[in-house]
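Participant: Would you mind keeping the following structure in view while I ask a few things?
The values are calculated or read from the model by the stated rules, or taken from the named source; none is laboratory data. Quick caveat: nothing in here was measured; it's all calculated off a predicted structure. Counting neighbours? That spans all protein chains shown, and the Cβs are built from the backbone with ideal geometry, glycine included.
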Amino acid sequence: MKLFDVYPLFDVNIVKGKGCHVWDDKGQEYLDLYGGHAVISIGHAHPHYVETISKQVATLGFYSNSVINKLQQEVADRLGAISGYDDYQLFLINSGAEANENALKLASFYNGRTRVISFAKAFHGRTSLAVEVTNNPKIIAPINDNGHVTYLPLNNTEALKAELAKGDVCAVIIEGIQGVGGIQLPTTEFMKAIRQACDETNTVMILDEIQSGYGRSGKFFAHQYNDVRPDMITVAKG
């Protein structure tokens, strides 16, 4: 079976990592500023990570969440404490794109609406609805192009208020810092305007912190510089 050609590949075969360094199959050492697409932010082969994962796999590799799993509550307690959101609920899922899918689905369950506001150059994932709220037509297949999304310029408060005033918007989804979009920052004024307009129109405010969360900006979440509290926060890559 041939591997599907997703992207052109760099001619480097990485076979080992330790801390912030990786090595290829020829023994060449690299300083890893990529982190496996920001996934392994604790560093490669961290001894605590290796010990904990090895111990868990040796004890129980997987089981359904239809039974009690006290590790989940431990994660929730620790994440709530370190992020400052211990009064929120935690829903565990497999990936960032799935986190956004579920956030948008929950928002639609809440207010019964279907239209979503996203922003120019936004990236929220490559799955069904997550890719539709991603502002890149090249990766949106016809089956995903269902007319749910209105893209607005980032930091344009008047355009935002005008759309939400129509009363049919389910959710506004915005990144704490746009990553794929080129490290674009929403202003504090704009974030506060989103919060206010969402409150006034019963619209759900979703903060996508998948690439900007877990301390990468200095605070646990990038939006915490803007002094707003969203209705839902999506996280991954920690």
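Participant: Answer yes if at least one residue in segment 192-205 is without any contact (Cβ under 8 Å) to a residue 40 or more places away in the chain, among the acidic types (Asp, Glu) and closer than 29 Å to Leu92 by Cβ, and no otherwise.
Facilitator: Yes, segment 192-205 contains a residue that is without any contact (Cβ under 8 Å) to a residue 40 or more places away in the chain, among the acidic types (Asp, Glu) and closer than 29 Å to Leu92 by Cβ.
Participant: I'm trying to understand the selection: among the residues of segment 96-121, which are surrounded by 17 or more Cβ atoms within 10 Å (Cβ to Cβ), touching a Leu at 6+ places or on another chain (Cβ under 8 Å) and at negative phi?
Facilitator: Matches in segment 96-121: Asn100, Glu101, Leu104, Val116, Ile117, Ser118, Phe119.
Participant: Which condition number does Ile93 fail, the rest of (1) buried (at least 21 other Cβ atoms within 10 Å of the Cβ); (2) touching a helix residue (DSSP H, G or I) at 6+ places or on another chain (Cβ under 8 Å); (3) closer than 21 Å to Ser212 by Cα being met?
Facilitator: Evaluating Ile93 over (1) buried (at least 21 other Cβ atoms within 10 Å of the Cβ); (2) touching a helix residue (DSSP H, G or I) at 6+ places or on another chain (Cβ under 8 Å); (3) closer than 21 Å to Ser212 by Cα leaves (1) as the failure.
Participant: Right, here's the next one. Pairs under 9 Å by beta carbon, first residue under 12 Å from Asp168 (Cα atoms) in segment 93-115, partner part of a helix (DSSP H, G or I), six or more apart or different chains?
Facilitator: Taking only residues 6 or more apart or on different chains, the pairs are Arg113/Ala107; Thr114/Ser108; Arg115/Glu163.
Participant: For segment 68-80, does any single residue satisfy the condition of being among the hydrophobic types (A, V, I, L, M, F, W, C) and either part of a strand (DSSP E or B) or closer than 29 Å to Gln196 by Cα (or both)?
Facilitator: Yes, the conditions are met somewhere in segment 68-80.
Participant: Another question about this same structure. Given the conditions (1) more than 24 Å from Leu185 (Cα to Cα); (2) surrounded by fewer than 15 Cβ atoms within 10 Å (Cβ to Cβ), which single one is not true for Gly84?
Facilitator: For Gly84, the exception is condition (1).
Participant: In segment 16-36, is there at least one residue being under 30 Å from Arg229 (Cβ atoms) and either modelled with pLDDT under 95 or surrounded by 10 or more Cβ atoms within 10 Å (Cβ to Cβ) (or both)?
Facilitator: yes
Participant: Before we move on, is Val50 modelled with pLDDT of 95 or more and either touching a helix residue (DSSP H, G or I) at 6+ places or on another chain (Cβ under 7 Å) or part of a strand (DSSP E or B) (or both)?
Facilitator: So Val50 does not fit the description; no.
Participant: Would you tally the residues in segment 114-133 being polar (S, T, N, Q) and closer than 15 Å to Gly96 by Cα?
Facilitator: The qualifying residues number 2.
Participant: Within segment 21-41, which residues are without any contact (Cβ under 8 Å) to a residue 40 or more places away in the chain and under 23 Å from Gly96 (Cα atoms)?
Facilitator: Residues satisfying the conditions are Asp32, Leu33, Tyr34, Gly35, Gly36, Ile40.
Participant: Same structure again: Return the pairs, sorted by first residue and then second, in which the second residue is in a loop (DSSP other than H, G, I, E, B) and of a type in the set (A, V, I, L, M), the first residue lies in segment 215-238 and is under 14 Å from Ala103 (Cβ atoms), the beta carbons are less than 6 Å apart, and the residues are 6+ apart or on different chains.
Facilitator: If the second residue must be in a loop (DSSP other than H, G, I, E, B) and of a type in the set (A, V, I, L, M), the pairs left are Thr234/Ile210; Ala236/Ile210.
Participant: A follow-up question, please. Let me confirm something: among Val131, Val180, Val149, Val75, which residue is touching a Gly at 6+ places or on another chain (Cβ under 7 Å), farther than 20 Å from Arg229 by Cβ and not polar (S, T, N, Q)?
Facilitator: Val131
Participant: Let me ask something else about it. Taking Tyr88, is it of a type outside the set (A, V, I, L, M), in a loop (DSSP other than H, G, I, E, B) and in contact (Cβ under 8 Å) with a residue 60 or more places away in the chain?
Facilitator: The answer is yes for Tyr88.
Participant: Which condition number in (1) in a strand (DSSP E or B); (2) farther than 29 Å from Arg216 by Cα is the one that Ile117 fails?
Facilitator: (2)
Participant: Next up: In the set Asn13, Asn65, which member is under 29 Å from Phe123 (Cβ atoms), in contact with an Asp or Glu (Cβ under 9 Å, 6 or more places away or on another chain) and loosely packed, with under 12 Cβ neighbours inside 10 Å?
Facilitator: Criteria check complete, one pass: Asn13.
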